[in-house]
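The values are calculated or read from the model by the stated rules, or taken from the named source; none is laboratory data. None of these values were measured; they are calculated from a predicted model. We place every Cβ from the backbone using ideal geometry, glycine too, and count neighbours over all the protein chains shown. Accessible surface areas use protein heavy atoms only, side chains included; no ligands, DNA or RNA. Shrake-Rupley method; radii C 1.70, N 1.55, O 1.52, S 1.80 Å.
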Amino acid sequence: MSDERITAITMPKWGLSMIEGTVMEWLAEEGDELKLGDEIMEIETEKIANTFEALDAGLLRRKVARADEVLPIGALLGVLAPSAVSDAEIDAYVAEFQENYVPPEPDEEDAGGGFDTVDAAGYRLRYSKMGDADETVILIHGFGGDAERWLFTQQPLAVKASVYALDLPGHGASTKAIADGSVAALAGVVIGFMDALAITRARLIGHSLGGAIAIQAAIDHGDRVESLALIAPAGLGAEINAAYINGFITAESRKQMKPLLQQLVADPSLINRALINDMLQFKRIDGVTEALSVIAAGFQDGAVQTVNLRDGLAGLSMPVTVIWGSEDKIIPPSHAEGLPENIEVEILNGFGHLVQLEAASEVNHLLA
């Protein structure tokens, strides 16, 4: 496979736990001239479906993968090559690729699932790191989430940065017993995480409750925060879907969990069985319900948010970007209205609260 005129399109690796993907549908045809970022196909992982975009420009000469085919990461999906390359040369390239391709073992690339732990601010925190560039990015998930909420975000950003995604206390595989569930305390945990890993300054990207935590960290420790990117952040208005939050805390079955998770997205078909099962498994861990209750009480009471960070956000000097899905059913996108002019606001039409998963390509372009 030494012909430099030919470029392989291979199954991407979205998130540390992904080992295979299902080709749902081709969005490009043989003979199409692809540009960087053009949509090639829909791929479904065990977590959620996403659109795979072109990582290289060129003429799509061969569609190798079939619709509904399940393939491991790195498997050949298609071939790009100029028209001067003959069909026979394409055939030879595909045959040689398939002969030499060896699917990676589950732990071959990411020992221990790609996660590590660190003791910080009185908690043991699980985290993953991708990339090794000078710029540091920390991804902060929302209520009930974990580091894998960033499975479509972390790797693309890691091309130009060292990108950390952590499980907040009470979430994922981090300590479940919560000493203080307030936004201010959780912001202190993020700074403690940075201290423990000798991170002097970082760009903070927060989703939902994680957005409020990022804002509070910037207010309290402005010298440690390079910039903020806030995705559907809490803390900018009173309204919140308290029925979702309270329902998530008490849900114990698929029948209860499925309609709750479907509120997170504009397209409910994205919430598959594996994602529901993951959430139920998390909920059944000892201490989770108590931890979520403590954290929920730290930012909402009844049907309203009790943390207002608008004034503090307005006083920040670092660059701030706010991204929201127009169909958010958890926190109204109207909370992005009336923010200071120096804050960049992007409303993505047709997407819900988990906009970084539903509209991963668009969000990644904005973050980059």
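In segment 112-160, if the dipole is taken from +1 on Lys/Arg beta carbons and -1 on Asp/Glu beta carbons about the Cα centre, which of F143, A120, A133 is farthest to the positive end?
Farthest towards the positive end: F143.
Can you tell me the dipole magnitude for the chain around its Cα centre, using point charges on the Cβ only (Lys, Arg +1; Asp, Glu -1), in Debye to the nearest 20? Could you put the intermediate results ahead of the total?
Numbers: 25 positive and 56 negative charges, 278 e Å.
Dipole magnitude for the chain comes out near 1340 debye.
Just check segment 300-367 against the gyration tensor rule for me: Cα atoms, a ≥ b ≥ c as the square roots of the eigenvalues, rounded for a/c under 1.5, and otherwise prolate or oblate depending on whether a/b exceeds b/c.
Values: a/c = 2.19, a/b = 1.13, b/c = 1.93.
Verdict is oblate for segment 300-367.
What's the local net charge at E25, with K and R +1, D and E -1, over the other residues with C-beta under 13 Å away? Please report the intermediate quantities before stating the final value.
Numbers: positive: K63, R66; negative: E29, E39, E42, E44, D68, E69.
Once all neighbours under 13 Å are counted, the net charge is -4.
Using a 10 angstrom Cβ neighbour count of at most 12 plus a DSSP loop assignment to flag exposed trypsin sites (Lys or Arg not before Pro), which longest range of the chain is free of such sites? Walk me through the numbers on the way to the answer.
Details: sites that count: R5, K35, R66, R284.
The reported range is 67-283.
Going through segment 269-368, which GluC sites (Glu not before Pro) have at most 14 other Cβ atoms within 10 Å and a DSSP loop state? Working shown, then result.
Numbers: sites: E290, E327, E337, E341, E344, E346, E358, E362; in loops: E327, E337, E341.
Taking segment 269-368 and a limit of 14 other Cβ atoms within 10 Å, the loop GluC sites (Glu not before Pro) found are E337, E341.
Rounded if a/c is under 1.5, else prolate if a/b is larger than b/c, else oblate: which is segment 245-368, with a ≥ b ≥ c the root eigenvalues of its Cα gyration tensor?
Working: a/c = 2.30, a/b = 1.42, b/c = 1.62.
In terms of gyration-tensor shape, oblate.
Normalise the Cα radius of gyration of the chain by 2.2 N^0.38 Å (N = residues in it) and let me know the number. Kindly include the intermediate steps, with their values, before the conclusion.
Numbers: Rg = 21.4 Å, N = 368, 2.2 N^0.38 = 20.8 Å.
Taking N as the residue count of the chain, the ratio is 1.03.
May I ask for the distance between the Cα centers of segment 41-81 and segment 125-154, given as a whole number of Å?
Using only Cα atoms to place each centre, the spacing works out to 24 Å.
With θ set to phi - 60° and the Karplus curve 6.51 cos²θ - 1.76 cosθ + 1.60, what are the ³J(HN,Hα) couplings of segment 24-33 in order, to the nearest whole Hz, using x for Gly and Pro?
Listing the rounded values in order: 7, 6, 7, 10, 10, 10, 4, x, 6, 8 Hz.
Which FRET efficiency value, to the nearest 0.05, is calculated for S269 and S317 with the Förster distance at 45 angstrom and r the Cβ-Cβ distance? It would help to have the intermediate numbers written out before the result.
Working: r = 43 Å, r/R0 = 0.95.
After rounding to 0.05, the efficiency reads 0.60.
May I ask you to give the solvent-accessible area per residue for the chain, in square angstrom, as obtained with a 1.4 angstrom probe? Don't skip to the end; give the middle numbers.
Values: 15530 Å² over 368 residues.
Averaged over the residues of the chain, the accessible area is 42 Å².
With a 1.4 Å probe and all protein chains left in place, how much of the accessible area of segment 219-337 comes from carbon and sulfur atoms, in whole percent? Before the final figure, lay out each step's value.
Numbers: 2580 of 5140 Å².
Summing carbon and sulfur atoms, their accessible area is 50 percent of the total for segment 219-337.
R62's amide H: which non-local residues (gap 5+, or another chain) put their own amide H closer than 5 Å, with H modeled 1.01 Å from N in plane and none for Pro or chain starts?
Answer set, sorted by chain and number: V79.
How large is ³J(HN,Hα) for each residue in segment 220-226, as worked out from phi by the Karplus curve 6.51 cos²θ - 1.76 cosθ + 1.60 (θ = phi - 60°), to whole Hz, x for Gly and Pro?
Taking θ as phi minus 60°, the curve returns 7, 9, x, 6, 9, 10, 6 Hz for segment 220-226.
Can you list the HN-Hα couplings for segment 281-293, worked out from phi with the Karplus curve (6.51, -1.76, 1.60; θ = phi - 60°), rounded to whole Hz and with x for Gly and Pro?
With coefficients 6.51, -1.76 and 1.60, one gets 4, 4, 5, 8, 6, 4, x, 5, 4, 5, 5, 5, 5 Hz.
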